[in-house]
Amino acid sequence: MVVRAAEHVKPRCYNVVMADKLSHKLDEVADRLKSAERVVSLTGAGISAESGVPTFRDPDGLWEGVRPEEVATPEAFGRDSDFVWRFYLQRRSKLQAVCPNSGHNVIARWESRFPHFDLITQNVDGLHQLAGSKRIICLHGDIWIDRCTQCAFEQRATDVSESIPRCSKCDGLARPGVVWFGEQLPHGAFERAVEQSSQAQVVLVVGTSSQVYPAASLAGVAQSAGAFVVEVNPEATSLSSLADVILQGPAGEILPRLEARLG
Ligand code: BJW
Ligand code: ZN
């Protein structure tokens, strides 16, 4: 009986201590942010999770049961463009029904809260833009763009019909305007991201597993140049051992709590 009582009490004490630690870390990050002139946020799929958009590598993620190289490489598209398009058309269709969440909204507001705030995102879903962010570097492209494989003409997808898009200029086969493995990032995007990261005093890395390069190298670039690196994620990631502070929890809860401390 004594053992049972002890077991019953321990988790509650543990939760109180953890909540207290998080609160202390939020205060520390808020203090850093209050005196920062230049702030950068690097986001990944996790920031859209609370909007109902699946991440890539989490359980029940987009790549559960799918090998990334079957859908996210130019070779896969060359082998079977119908299969790859079905994957992207399904994603577009689901994205039409979702909205930005409180994490996206806080980041959008921070553009006018700091003298310089830059957003670097790996996301292709367009939710940062819908939330109102304007200064965005999209490292991995945009799922809503159709790019012609013949003439490279780009057009914004207007409907999410089941049919595979064709170029309105030359009728060539279109592809989604995203960056697949082995492909170069959009021209100049990584260079601008490096410049912004290395000038920032605080870098918030939100909702990414930090497994995909070169995006995953930006936090290290920033830290080497003197930035304070904060990770916002419910789980430990490849970045966790390097981050100066880890705010463990969902972005949609952590970012509003941080914003509230900025006054
Ligand atoms: C929450 C949460 C909540 C859950 N709140 N968090 C150096 C070393 C090794 C390899 C390479 C290297 N440099 C380049 C490479 C090769 C390759 C690469 O990185 N491979 C690694 C996987 C090993 N990189 C490339 O090929 C890149 N190109 C390139 O380098 O060009 C130069 C070059 C070209 C040719 C020859 C030589 C050089 C291109 C990378 C393109 C990545 N594209 C994808 C697909 C986009 C299209 C699509 O949407 O389908 O981009 S891959 C996929 O991963 C997608 C994402 O943007 C990217 C990152 O994923 P992300 O966002 O981190 O998501 P998850 O699922 O991994 O993590 C979610 C996180 O959220 C988790 O941590 C959760 O805990 C968390 N979370 N709920 C906060 N509520
Ligand atoms: Zn064309």
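The values are calculated or read from the model by the stated rules, or taken from the named source; none is laboratory data. Quantities reported herein were computed from a predicted structural model and do not represent experimental measurements. Quick reminder, even Gly has a Cβ in these numbers, built from the backbone with ideal geometry, and neighbours come from all protein chains shown. Accessible surface areas use protein heavy atoms only, side chains included; no ligands, DNA or RNA. Shrake-Rupley method; radii C 1.70, N 1.55, O 1.52, S 1.80 Å.
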Task: Long-range Cα-Cα pairs in segment 33-156 (distance over 18 Å), rounded percent - done: 58 percent
TODO: For segment 62-112 and segment 194-263, write down the distance between their C-alpha centroids in whole Å.
DONE: 22 Å
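How big is Rg to Rh over segment 100-168, alpha-carbon atoms, Rh as the Kirkwood inverse-mean-distance radius? The partial results should precede the final answer.
Values: Rg = 14.8 Å, Rh = 13.7 Å.
Radius of gyration relative to Kirkwood radius: 1.08.
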- [ ] Can you tell me which of 205-213, 68-76 comes out highest on packing, and rank the rest after it, using the mean Cβ neighbours within 10 Å?
- [x] 205-213, 68-76
TODO: Please work out how much length the chain gains when fully extended from LYS94 to GLN184, using 0.36 nm per residue of separation minus the C-alpha to C-alpha distance, in nm with one decimal.
DONE: 29.7 nm
Task: At R0 = 22 Å, FRET efficiency that the Cβ-Cβ distance of ASP58 and PHE83 yields, to 0.05 - done: 0.45
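Contact order normalised by length for the chain, with contacts defined as Cα pairs under 8 Å and 6 or more residues apart; what percent is it? Present the calculation step by step, with values, prior to reporting the outcome.
On the way: 450 pairs, mean separation 60.9, N = 263.
Dividing the mean separation by the residue count of the chain yields 23 percent.
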Open item on the list: Through the Karplus equation 6.51 cos²θ - 1.76 cosθ + 1.60, θ set to phi - 60°, convert the phi angles of segment 179-187 into ³J(HN,Hα) values in whole Hz; use x for Gly and Pro.
Closed with: 9, 9, 4, x, 9, 6, 6, x, 3
Open item on the list: Just to be sure I understand: of the beta bridges DSSP finds with both ends in the chain, what percent are antiparallel, rounded to 5?
Closed with: 30 percent
Task: Pairs of Cα atoms farther than 27 Å apart, segment 117-263, % - done: 31 percent
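Multiply the residue separation of VAL66 and MET18 by 0.36 nm, subtract the distance between their alpha-carbon atoms, and state the gained length in nm to one decimal. Write out the running numbers ahead of the final one.
Numbers: separation 48, 0.36 × 48 = 17.28 nm, distance 3.63 nm.
Separation in residues times 0.36 nm, less the Cα-Cα distance, equals 13.7 nm.
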- [ ] Compute the Cα gyration tensor for the chain, then decide on rounded, prolate or oblate, letting a ≥ b ≥ c be the square roots of its eigenvalues: rounded whenever a/c is under 1.5, prolate when a/b is larger than b/c in the other cases, and oblate in all that remain.
- [x] prolate
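Per residue, how much accessible area does the chain have with a 1.4 Å probe, in Å²?
Working: 13640 Å² over 263 residues.
That works out to 52 Å² for each residue.
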Task: Estimated [θ] at 222 nm from DSSP helical runs (n ≥ 4, -39500 (n - 2.57)) normalised by residues in the chain, nearest 500 - done: -12000 deg cm²/dmol
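Could you calculate the contour length gain from GLU235 to VAL160, that is, 0.36 nm times the residue separation minus the distance between their Cα atoms, to one decimal place in nm? Working shown, then result.
On the way: separation 75, 0.36 × 75 = 27.00 nm, distance 3.34 nm.
Using 0.36 nm per residue and subtracting the Cα-Cα distance, I get 23.7 nm.
Going by a ≥ b ≥ c, the root eigenvalues of the Cα gyration tensor, does segment 190-263 fall in the rounded group (a/c under 1.5), the prolate group (a/b larger than b/c) or the oblate group?
On the way: a/c = 1.96, a/b = 1.33, b/c = 1.47.
Oblate, because a/c is 1.5 or more while a/b does not exceed b/c.
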Open item on the list: What is the sum of charges, Lys and Arg at +1 and Asp and Glu at -1, for the other residues whose Cβ falls under 12 Å from the Cβ of SER209?
Closed with: -2
Open item on the list: For the ranges 233-246, 180-193, what's the packing order if you count other beta-carbon atoms within 10 Å of each residue, average per peptide, and put the highest first?
Closed with: 233-246, 180-193
TODO: Please state, to two decimals, what the Cα-based radius of gyration of segment 22-101 comes to when divided by 2.2 N^0.38 Å (N = residues).
DONE: 1.56
